Amino acid sequence: RARARAPPVRPVAAGLGGVAHSGPRRQPAMAAQLKEIRERLNADPFRCELSVLDLDEKESYELLALLMKVLAYLDPRHDVDVREEKPEAMYQRVSEFLHILGYQCSFDIEFQQGLSTGEKNTVHPILYWLLSNLEPLKKRAYLAKFCMNLEVPEEFLREEKVHEAFRQYKELQSQFKATHAHLEKERQGRMNPTELQREVAQLDAEREQLQQKIQHLRGKTEKDEGFQILLKETSLLRKEQEEEARLAEKLAEQRYQLEQTEQLYMERSAKLREMRAAHEADGEGSAEAMLKVLRSEVQKNKEALSRTQRESEEKLTRLRELEAAWSDPPVNRENVEHMEAEIRAMQEQIRSLEATVEEHNQDSRLTVYKQQTKNVAKKKELALQEQKELEQVRDELGKELSTKEREYEQMKGHKHMNREEFKNYAAALRDKSTKFKKLKAELSELRHEVAVLIRTEDVLRSKDPTPHGLRETEMALEKASVEKAQVDKLKGKTLDEISSIVTKINTQLKEKKNKLAPQIKALRTVRQNFQQVEMKYLEKKGAYEQAKSGMDGDLRKIAGEVKQLADEVQDSERKYYELNMQINAADSKLERARKEASCMRKEERHSDAYQTLSEEYAVQIASLDEQCKDVRKEQKFVKESHEGNLKQKQAFVQLERLMALKLKVTMQEVQNTQQYGGMSLGGRAMLDASTAGVERLVIG
């Protein structure tokens, strides 16, 4: 059992991208991360008031509580007490949310163990990444609720209600995307009032300058008679040029839309041909064809993913270079002049070196090599130009690919639900549909009953114009008024009796108070003593409950740790037994393979009848093939003779019924002849031909 346990978790520390580092080089980076985490947690909206030492000395469940606090700020559904949640459920919830947010790490077994147990090397990088990108991640978490698509299987979409609900969901999702894009565009397009005022002032100044220029040109051209005609023609030319530019833009846009439509049509037609070919094949072939289509799509998606990852890595490296350049101190004029002076000095040094090289290389034999070097340099320049052109083409294709992928995402969407969530969603939909049908049936019945009641009320009103039951209520009111008068008389008598009883009770109470006065005084002293005792009791009870709560918390914590360790032991034992069984099976297979190899080398025999196991299997396969052929022949013979045999069976059944009827009729006639003395009935002569214990009846 000790060997079957899982290996200890190695320290994994993911940086901003989730990449693991180790060794002493990580210590400054970890210290910087801790400082950054402390500053972010002490600021709004968390205000934890921590120091670096407090943060570093926190236990695993405290670190997980901090992580849940940050995640709850991004999404309120993560406001969960980690001590009351199972580690597997916690890891599933947090890992899915980190994957949605775009946290870059391997999500392997080491990461799972580190996150489940609250390891510092796993939790600190996650906190650093979340707190460094808090507002963008909050926006991403908000959009993920609405933009992550559901993956609904085809068998569920065949139901009309589910298909209609899914279509409405897609429409609402596209509407949300369009609304959000419009909102972001409006927010970006909104300008600062001070900038607008500055721009308005600049435009006013330009307007005044233009007005001055126009007045100056008018003063020059007033005497020129052909200027108005020229002005008119130039204005018409400008309008035509603007119209031509607008038409050119519209033509380019329509061509782009046409290309997109043609590309989409080609993809859809190819997919339709593949689906038709898969549908026209038989059952096994159609499944294989569908599997091939799905594999090809998965391969294309993998290639696109690898390409986008490679491009994103290149862009990230470029971004890091730009950030490093931006973090450098600003360059002033003195630095520029100093660098220019160094460049001039280096250029002069290069010229002097080239001159010395030319002086030393005056040999005519080196001209051939120089010519070759020049040709190689030209070829290198051409290759570099081709490389630049190919890079430009690659960038353009990457842009087109990104646009196509965005269109594909808008049409088909992303994955959102896992299998369990979708099962719950489908069960909820079924319950709602059954409730809706039941309530709809009840509503229709109630409406029918209301219509019947309204109709009966109309019929009764038409027969009797007075309200229903009015006369009976009048009679009841008269009877009630008479009874009320009688009751009032009785009340007067009872009130007198009650007043006399009250006076008697008051006198008795006074007497009893006088008797109980000394006892009440003794009770007051007892109450004071009771209050003192109760105060002591409450103090001791509070101390007891506080100690009990602390002990209960420790017991719960220890019980959780013991349960977790027991689960780990059970998992390790199960894995050990599974691996042991697999090893035994593999050993048996290996022993069989070794024996087969020795049999094939004719070192031993598999059995008395066969040299090797493969020969025995070949003979068995051949015999089974022969049996299959015989069974197919029998099947063919049965199919061919089935109709004739069926007709023959029906004829025999009918003959059997006919003979039974004949036997019944004959037996009745025999009974009649025995009863009436051998008289022939119906003109038919009968002869008893019973011989030697065999009863036969011949009918003439």
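The values are calculated or read from the model by the stated rules, or taken from the named source; none is laboratory data. This one's a predicted model, so the numbers in the text were calculated from it and none came from an experiment. All Cβ positions, glycine included, derive from the backbone under ideal geometry; neighbour counts span all protein chains shown. With ligands, DNA and RNA removed, areas are computed over all heavy atoms of the protein, side chains included. Shrake-Rupley method; radii C 1.70, N 1.55, O 1.52, S 1.80 Å.
Within segment 381-407, residues that are hydrophobic (A, V, I, L, M, F, W, C) have Cβ atoms under 9 Å from residues that are assigned to a helix (DSSP H, G or I) and open to solvent by less than 100 Å² (accessible area, probe 1.4 Å) in these pairs: Leu401/Ala304; Leu401/Arg307; Leu401/Thr308, counting only partners at least 6 apart in sequence or on another chain. Does segment 56-64 contain any residue that is over 27 Å from Arg556 (Cβ atoms), open to solvent by 60 Å² or more (accessible area, probe 1.4 Å) and free of Cβ contacts under 8 Å to residues at least 40 places away in the same chain? For segment 56-64, residues over 27 Å from Arg556 (Cβ atoms), open to solvent by 60 Å² or more (accessible area, probe 1.4 Å) and free of Cβ contacts under 8 Å to residues at least 40 places away in the same chain: absent.
Results for (1) surrounded by 11 or more Cβ atoms within 10 Å (Cβ to Cβ); (2) over 55 Å from the mean Cα position of the chain (by Cα); (3) of a type outside the set (A, V, I, L, M); (4) at pLDDT 90 or above, shown as yes or no for each residue.
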| residue | (1), (2), (3), (4) |
| --- | --- |
| Gln508 | no, yes, yes, no |
| Ile520 | no, yes, no, no |
| Val526 | no, yes, no, no |
| Gln531 | no, yes, yes, no |
| Ile558 | no, no, no, yes |
| Ser588 | no, no, yes, no |
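Which of the residues belonging to segment 51-77 are of a type outside the set (Ser, Thr, Tyr), closer than 16 Å to Gly118 by Cβ and at pLDDT below 80? Show your work before the answer.
Filtering segment 51-77 down to residues of a type outside the set (Ser, Thr, Tyr) leaves 52-59, 62-72, 74-77.
So of that shortlist, the ones also closer than 16 Å to Gly118 by Cβ come out as 54-59, 62-71.
Once the filter is applied, which keeps residues that are of a type outside the set (Ser, Thr, Tyr), closer than 16 Å to Gly118 by Cβ and at pLDDT below 80, segment 51-77 yields Asp54, Leu55, Asp56, Glu57, Lys58.
Does segment 606-624 hold any residues that are of a type in the set (D, E, K, R) and part of a helix (DSSP H, G or I), and which are they? Passing the criteria: Glu615, Glu616. Here Lys548 does not qualify as more than 30 Å from Arg83 (Cα to Cα) and part of a helix (DSSP H, G or I). Just one of the listed residues (Glu311, Glu297, Glu340) is of a type outside the set (Gly, Ala, Ser), open to solvent by 70 Å² or more (accessible area, probe 1.4 Å) and either over 30 Å from Thr403 (Cα atoms) or modelled with pLDDT of 70 or more (or both), namely Glu340.
Once segment 87-124 is narrowed to residues that are charged (D, E, K, R) and under 21 Å from the mean Cα position of the chain (by Cα), the residue that is least open to solvent (accessible area, probe 1.4 Å) is Arg93.
Within segment 144-189, the set of residues being over 17 Å from the mean Cα position of the chain (by Cα) and outside any helix (DSSP H, G or I) comprises Arg158, Glu159.
Residues of segment 153-164 that are touching a residue at least 60 places away in the same chain (Cβ under 8 Å), surrounded by 14 or more Cβ atoms within 10 Å (Cβ to Cβ) and not β-branched (Val, Ile, Thr): Phe156 alone. In this structure, Val393 does not qualify as among the hydrophobic types (A, V, I, L, M, F, W, C) and modelled with pLDDT under 80.
Determine, yes or no, whether Ser499 is within 30 Å of Met90 (Cβ to Cβ) and either modelled with pLDDT under 85 or polar (S, T, N, Q) (or both). No; evaluated as a whole, the condition is false for this residue. Every residue in segment 37-48 that is touching a helix residue (DSSP H, G or I) at 6+ places or on another chain (Cβ under 6 Å) and either open to solvent by 40 Å² or more (accessible area, probe 1.4 Å) or among the acidic types (Asp, Glu) (or both), please. Matches in segment 37-48: Arg38, Arg40. For segment 556-605, which residues satisfy the criterion of being in a helix (DSSP H, G or I), among the acidic types (Asp, Glu) and more than 30 Å from Glu85 (Cβ to Cβ)? Passing the criteria: Asp587, Glu591, Glu596.
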